Amino acid sequence: MVAKNNKISSLCEGEEGKYLSYRYGTLKKLELQYPERLDKSSWGKFKLTAYSRGGGIENDAMGDYSLSFDNHGAQYVISQNWRLAENEYFIGILVETDGNRYVLQGDKESQIGSLTRLDENPNISKL
């Protein structure tokens, strides 16, 4: 859930990996679904950037995961980042459109799932 506006942001995988879709809106009104066509080709419309380092606080364990896509000239970057030593955690969406940047910070208490699950998925393109 987006922290300030109580809208739901979700990444949805079709049964048996048939598609990948980003959805945004409320339970009553879907405001954005990307891509519009939900089939196997949808996986290629997203780009995953993934880095993690384990080892606990002593090794400054961290993770930086982002999933990006372009929708009619608007750039979207869904992020999940953490730093164990600093006790930092962030989930959210950066939207850049028409020269403007918007950060939609997620509510980590409402988070279900993780971008880390995409790291080993052969269907997703990696940067």
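The values are calculated or read from the model by the stated rules, or taken from the named source; none is laboratory data. Everything numeric in this text was worked out from a predicted model, so none of it was measured. Every residue, glycine as well, gets a Cβ built from its backbone with ideal geometry; the counts of neighbours run over all protein chains shown. When the accessible area is computed, the model is the full protein with side chains, heavy atoms only, and any ligands, DNA or RNA have been set aside. Shrake-Rupley method; radii C 1.70, N 1.55, O 1.52, S 1.80 Å.
Across the range 69-91, the qualifying residues are those that are surrounded by 11 or more Cβ atoms within 10 Å (Cβ to Cβ) and among the polar types (S, T, N, Q), and the one among them that is farthest from Y22 (Cα to Cα) is N81. Residues in the range 84-110 that are of a type in the set (A, V, I, L, M) and at pLDDT 90 or above: I91, I93, L94, V95, V103, L104. Being touching a residue at least 40 places away in the same chain (Cβ under 8 Å) and acidic (D, E) holds for only one residue in D107, D98, and it is D107.
If only residues of the range 48-68 that are more than 10 Å from the chain's Cα centre (by Cα) and open to solvent by less than 30 Å² (accessible area, probe 1.4 Å) are counted, the one that is nearest to S114 (Cα to Cα) is G63. Scanning the range 92-107 for residues that are farther than 14 Å from I78 by Cβ and open to solvent by 70 Å² or more (accessible area, probe 1.4 Å) returns D98, G99, N100, R101.
Looking for something open to solvent by 60 Å² or more (accessible area, probe 1.4 Å), closer than 25 Å to E109 by Cβ and without any contact (Cβ under 8 Å) to a residue 24 or more places away in the chain - is there at least one such residue anywhere in the range 31-47? No, the range 31-47 contains no residue that is open to solvent by 60 Å² or more (accessible area, probe 1.4 Å), closer than 25 Å to E109 by Cβ and without any contact (Cβ under 8 Å) to a residue 24 or more places away in the chain.
Is it the case that E120 is of a type in the set (D, E, K, R) and not in a strand (DSSP E or B)?
Criteria met by E120.
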